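Trainee: Quick one: the structure is below, and I'll ask about it shortly.
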Amino acid sequence: MATANVSGTPLHYLDEGPAGARQAVLLLHAFPLHSGMWARQIAALSPRHRVVAPDYRGLGKTPPPAGPSTMQVVAGDARALLAHLGIERAVVVGLSMGGYVALELFRQSPGLFRGLALCDTRATADTDEGKANRESFAKNALERGLGWVADEMIPKLLREGPGAAEVKEVRDLVSGGTPAGVAAAQRGMAARPDSTATLAAIRCPAIVVVGEGDRMIPVADAEKLATGIAGARLVRIPGAGHLPNIEAPEAFNRALLGFVDGLT
């Protein structure tokens, strides 16, 4: 991994594929994981495309923030990183929390987008109950540590009856962060705005991907995303939960590469 000092923090990131290309694929990871979750997608994309995947603050190797990791902060980090790397336009791919970040990034810099892939995410803000649950989770993460975080999240992130290798991979990804980063991300997601109105402003090519067995984001929420973005295509991934890029990588990569390669 490389490090760039942007937005006042040493941001760790992966940068693979054609060096110096001014267009790239930006991969924005899920909570509470880090950029390593994209290993299979980077391998598939990088022979033809420059691929950049940052770690959010406190998740992965980027140090934790002093306050909440709001979507504005995380999107600002991503935008600053792309500018640092000389990347002028990108296909932005966001999964779960990464989708929230992608929608905020669109509000900050719509001209950056060559395309948008929203995966296992939603546009709506949290309810009051959801915000309270996130605060409780944040406090427990700080008190109980990453082992507790993994135990809580794995049944939600993976489909029913996951394989042992998938469970281990996700547990290892969770362990790459920090309790402070987990808490900051939960508090940042709780503060995110409703992005429903943003969908109507998106004019770049878009795709919505969802695991059919996702127990966190119902398929109905993905359908609303696809309906809200003009011309967006919905792709369902059978046999996958909230992390289809890990659980069904061949089908996920087929959808993602087909979308990216099809852009002019």
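Trainee: Being touching a Ser or Thr at 6+ places or on another chain (Cβ under 9 Å), closer than 23 Å to Gly262 by Cα and in contact (Cβ under 8 Å) with a residue 60 or more places away in the chain is the filter here, so list the residues in the stretch 206-246 that pass it.
Mentor: Val208, Val210, Ala222, Leu225, Gly228
Trainee: Next question. From Gly111, Gly76, grab the single residue that is in contact (Cβ under 8 Å) with a residue 60 or more places away in the chain and either small (Gly, Ala, Ser) or buried (at least 20 other Cβ atoms within 10 Å of the Cβ) (or both).
Mentor: None of the other options fit; the residue is Gly76.
Trainee: Is it the case, given these coordinates, that Glu152 is over 20 Å from Arg57 (Cβ atoms) and in a helix (DSSP H, G or I)?
Mentor: yes
Trainee: Within the stretch 79-108, how many residues are surrounded by fewer than 24 Cβ atoms within 10 Å (Cβ to Cβ), hydrophobic (A, V, I, L, M, F, W, C) and under 22 Å from Gln186 (Cα atoms)?
Mentor: Of the residues in that region, 1 qualify.
Trainee: Which fully enclosed helices (runs of 4 or more DSSP H) of the stretch 155-264 have 1 or more residues being among the charged types (D, E, K, R) and within 16 Å of Leu33 (Cα to Cα)?
Mentor: The qualifying helices (runs of 4 or more DSSP H) are 164-175, 179-190, 244-247.
Trainee: Continuing with this model, one more query. What are the residues in the stretch 96-126 that are part of a helix (DSSP H, G or I) and more than 9 Å from the chain's Cα centre (by Cα), if any?
Mentor: Leu103, Glu104, Leu105, Phe106, Arg107, Gln108, Pro110, Gly111, Leu112, listed by residue number.
Trainee: With the structure loaded, tell me whether Gly76 is at pLDDT below 95 and more than 30 Å from Pro155 (Cβ to Cβ) or whether it fails that test.
Mentor: no
Trainee: Go through (1) under 27 Å from Gly258 (Cβ atoms); (2) touching a Gly at 6+ places or on another chain (Cβ under 8 Å) one by one and return the number of the condition Val93 breaks.
Mentor: With (1) under 27 Å from Gly258 (Cβ atoms); (2) touching a Gly at 6+ places or on another chain (Cβ under 8 Å) applied to Val93, the lone miss is (2).
Trainee: Within the stretch 54-95, which residues are touching a Phe, Trp or Tyr at 6+ places or on another chain (Cβ under 8 Å), among the hydrophobic types (A, V, I, L, M, F, W, C) and in a loop (DSSP other than H, G, I, E, B)?
Mentor: If the condition is that a residue be touching a Phe, Trp or Tyr at 6+ places or on another chain (Cβ under 8 Å), among the hydrophobic types (A, V, I, L, M, F, W, C) and in a loop (DSSP other than H, G, I, E, B), then Leu59 is the only one that fits.
Trainee: Could you tell me whether the stretch 2-17 includes any residue that is touching a Phe, Trp or Tyr at 6+ places or on another chain (Cβ under 8 Å), farther than 17 Å from Gly94 by Cβ, hydroxyl-bearing (Ser, Thr, Tyr) and not in a helix (DSSP H, G or I)?
Mentor: yes
Trainee: Could you say which residue among Gly17, Gly67, Gly36 is free of Cβ contacts under 8 Å to residues at least 40 places away in the same chain, of a type outside the set (S, T, N, Q), surrounded by fewer than 22 Cβ atoms within 10 Å (Cβ to Cβ) and over 18 Å from Ser109 (Cβ atoms)?
Mentor: Gly17
Trainee: Within the stretch 179-188, is even one residue surrounded by fewer than 16 Cβ atoms within 10 Å (Cβ to Cβ) and modelled with pLDDT of 95 or more?
Mentor: Taking every residue of the stretch 179-188 in turn, none turns out to be surrounded by fewer than 16 Cβ atoms within 10 Å (Cβ to Cβ) and modelled with pLDDT of 95 or more.
Trainee: Select, from Ala150, Ala164, the only residue that is out of contact with any Pro (no Cβ under 7 Å at 6 or more places or on another chain) and under 20 Å from Asp214 (Cβ atoms).
Mentor: Ala150
Trainee: Just a yes or no: is a residue in the stretch 25-33 over 24 Å from Asp214 (Cα atoms) and either buried (at least 22 other Cβ atoms within 10 Å of the Cβ) or polar (S, T, N, Q) (or both)?
Mentor: Yes, the conditions are met somewhere in the stretch 25-33.
Trainee: Can you tell me which residue in the stretch 33-53 is farthest from Leu263 (Cα to Cα), limited to those that are among the aliphatic types (A, V, I, L, M) and in a helix (DSSP H, G or I)?
Mentor: Met37
The values are calculated or read from the model by the stated rules, or taken from the named source; none is laboratory data. All figures in this text were calculated on a predicted structure; none of them were measured in a lab. In this analysis, Cβ positions are derived from the backbone assuming ideal geometry, glycine residues included, and neighbour counts consider all displayed protein chains.
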